[in-house]
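Here is the structure we will look at.
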Amino acid sequence: MTSYRDFHRRSIENPEDFWREEARRIHWHTPFDDVLDRSNPPFARWFVGGRTNLCHNAVDRHLAERAQQNALVYVSTETGIERRYTYAELYGEINRMAAVMRSLGVKRGDVVLLYLPMIPEALFAMLACARLGAIHSVVFGGFAAPNLAARIDDAKPVLIVTADAGARGGKVIDYTPLIDEALARATHQTPHVLLIDRQLAPERLNAHYLVAYEPLREQFFDVHVPCEWLESNEPSYVLYTSGTTGKPKGVQRDVGGYAVALAASMEHIFEGKPGDTMFTASDVGWVVGHSYIIYAPLIAGLTTVMYEGTPIRPDGGIWWRLVEQHKINLMFTAPTALRVLKKQDPALLKKSDLSSLRTLFLAGEPLDEPTAAWIADALGKPVIDNYWQTETGWPMLAIPRGVETLRSKLGSPGVPSAGFNLTLRNELTGDACAPREKGVLTLDYPLPPGCMSTVWGDDSRFVSTYWSSIPNQQVYSTFDWGVQDEDGYVTILGRTDDVINVAGHRLGTREIEEALSSHAAVAEVAVVGVTDALKGQVAMAFVVLRGAQISADSSERARLEAELSATVERQLGAIARPARVVVVSMLPKTRSGKMLRRAIAALAEGRDPGDLPTIEDPAALLQIREALGGIGAN
Ligand code: PRX
């Protein structure tokens, strides 16, 4: 067995040989000519000239050996529905969905936007797109209409696939009014909207533009749709993510590199073997859902468990019962879910037989030590933190137990994964940091397979956003702070930009500020992330009103603050709703007009903002302190 050190060194020193070998994990319809095209940095093209298909690799390829193995186990505690699909059945459903999409004009290179809850059809639709060579863009079902409209205008889909409703915590959320509003707001005219009728909101299905899925599925029940063999670098999907500006970026991913990277990660990091069962508790609208609910487990021949519901309904034992019932071997979720579960009766964990479970993986936000220690102790199994981003598609830092059984270190997601040439750099000089010196996590060119190819429709934004922020170096910035110890373990110390992480969901404070600014009463606003014991961070907004004095009437202020919060929810969705909106008469700024966000965040967390020699008016700080009444977020 090679050591991690040799394994990683080889992936960096000789990426061509390293990834040529890894590429054998997937099926190539036509072999590639070159492993890596470095002719146009910072763009990298992997497996140039090779032709393959993600759906073929995820499904068709397994039919010879595992047609009768479950590919998908679907459980919804919202509707009480449980369904299983073997690989053969999944093949049938994907072909039906692909045939329906084809009948609506979808072809190779077209974009299909999916606005779907956690239902099996979301998986069918993603893989049907892959089969047809169409590009899916999944929009998280919790996003509000203006958000959806912005994505429709950027992605320009030929088809939207949606459902009558989503469900969360026993509440039904009608989707069709959202779709109505989004279509009305968008400039782009989407020719068709395909509707999956879950019969949760039946009275809503009259809109003239909706095409019902079920009758078409019947019509195309026995149709087989051949896989389009795509060149490895053609786009497979676009997934929008928040950054520093108000406009989300479409992260574009390729086909071949993504398939190879995910297959490699299943062996090196997740140790998932064909026939294993993996339960990733995320949503198909996020990157973790794309990679580890859908593509990686299926490419590697596992059974994937897709779950609609919360971790505590009907009670906090539900996930552990799922482990017992479905003999789950690998589980993957975000630390927030565990902090929620930690508050439940600990006996619930002991009630289920968890002997099938080998490893619990956690990602998406910092894993705090008490939570890590609690769950490792309660389960008696390895708990593996891993760090990555929508942009990278798979873990950048992890404990590659499939390579070497390295030990975990509390507080660190681990060491760089294969192909990630990671350096911590000083943000002012661009120089590499010494061990234990704080710096920005950067990646040298080329990014390994599976990472974003570009920003959808905007190559220059890919270069200017990701490859231009470190002085004197053209390196990729993660916009995360960290430190690395002598053994290569990295600890993440928060974002360098205005992105916050609420319950594992990435949000741009700028987007929330723009939503608040759209309210007629708002003159100026600053949104900051504030530490929260349960959600990791929450958003807090400080607002200056237009031309008015702050009302002395506290009920009037409370009404306005609630109204402003509701504005954010209407524009962006419930996940972006600030925990508090605080009205002040001025915001702390430097004399040159730069908002002192870090000082605001420090005050909101009850910390000392430190010396601020450039502040224009220190009274602004006092006001925030008073408005918060000495309370931090906790
Ligand atoms: O700040 C880092 C944080 O989440 C960001 C990426 O979020 P997203 O694009 O939604 O992708 C999530 C994929 C798991 C990162 O820039 N983050 C992610 N994982 C960790 C983390 N912070 C600390 N520890 C982690 N394990």
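The values are calculated or read from the model by the stated rules, or taken from the named source; none is laboratory data. Here the structure is a predicted model, which means the values were calculated and not measured. Reconstructed Cβ throughout: ideal geometry from the backbone, glycine too, with neighbour counts over all protein chains shown. Note: areas computed on protein heavy atoms with side chains; ligands, DNA, RNA excluded. Shrake-Rupley method; radii C 1.70, N 1.55, O 1.52, S 1.80 Å.
Tabulated data for the structure shown
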{"item": "Condition met for ARG84 (open to solvent by 20 Å² or more (accessible area, probe 1.4 Å), assigned to a helix (DSSP H, G or I) and charged (D, E, K, R))", "result": "no"}
{"item": "Candidates ILE12, ILE94 - the one that is among the β-branched types (Val, Ile, Thr), assigned to a helix (DSSP H, G or I) and buried (at least 18 other Cβ atoms within 10 Å of the Cβ)", "result": "ILE94"}
{"item": "ALA566 more than 18 Å from LEU422 (Cβ to Cβ), open to solvent by less than 50 Å² (accessible area, probe 1.4 Å) and within 16 Å of the ligand (Cβ to nearest atom)", "result": "no"}
{"item": "ASP345 of a type in the set (Asp, Glu), at pLDDT below 95, away from the ligand (no atom under 15 Å from the Cβ) and not in a loop (DSSP other than H, G, I, E, B)", "result": "no"}
{"item": "Candidate set from segment 284-332 (those that are within 13 Å of the ligand (Cβ to nearest atom) and open to solvent by 10 Å² or more (accessible area, probe 1.4 Å)); member that is farthest from PRO413 (Cα to Cα)", "result": "TRP286"}
{"item": "Considering residues of segment 356-378 that are open to solvent by 20 Å² or more (accessible area, probe 1.4 Å) and part of a helix (DSSP H, G or I) only, the residue farthest from PHE420 (Cα to Cα)", "result": "ALA378"}
{"item": "Positions within segment 265-294 being within 9 Å of the chain's Cα centre (by Cα) and not polar (S, T, N, Q), in sequence order", "result": "ASP283, VAL284, GLY285, TRP286, VAL287, VAL288, GLY289, HIS290"}
{"item": "Residue that is touching an Asp or Glu at 6+ places or on another chain (Cβ under 8 Å), in contact (Cβ under 8 Å) with a residue 40 or more places away in the chain and either surrounded by fewer than 21 Cβ atoms within 10 Å (Cβ to Cβ) or within 22 Å of VAL499 (Cα to Cα) (or both), where the choices are LEU424, LEU443", "result": "LEU424"}
{"item": "Search result, residues across segment 397-430 that are assigned to a strand (DSSP E or B) and not charged (D, E, K, R)", "result": "LEU397, ALA398, GLY414, VAL415, PRO416, LEU422, THR423, LEU424"}
{"item": "Residue list for segment 591-609, restricted to those being under 20 Å from THR509 (Cβ atoms), open to solvent by 20 Å² or more (accessible area, probe 1.4 Å) and not charged (D, E, K, R)", "result": "GLY593, MET595, LEU596, GLY606, PRO609"}
{"item": "ASP385 being of a type in the set (D, E, K, R), within 12 Å of the ligand (Cβ to nearest atom) and at pLDDT 95 or above", "result": "yes"}
{"item": "Any hit, segment 204-212, residues being over 27 Å from the mean Cα position of the chain (by Cα), at pLDDT below 95, among the charged types (D, E, K, R) and on the phi < 0 side of the Ramachandran plot", "result": "yes"}
{"item": "Enumeration of residues in segment 477-490 that are within 12 Å of the ligand (Cβ to nearest atom) and of a type in the set (Phe, Trp, Tyr)", "result": "PHE479, TRP481"}
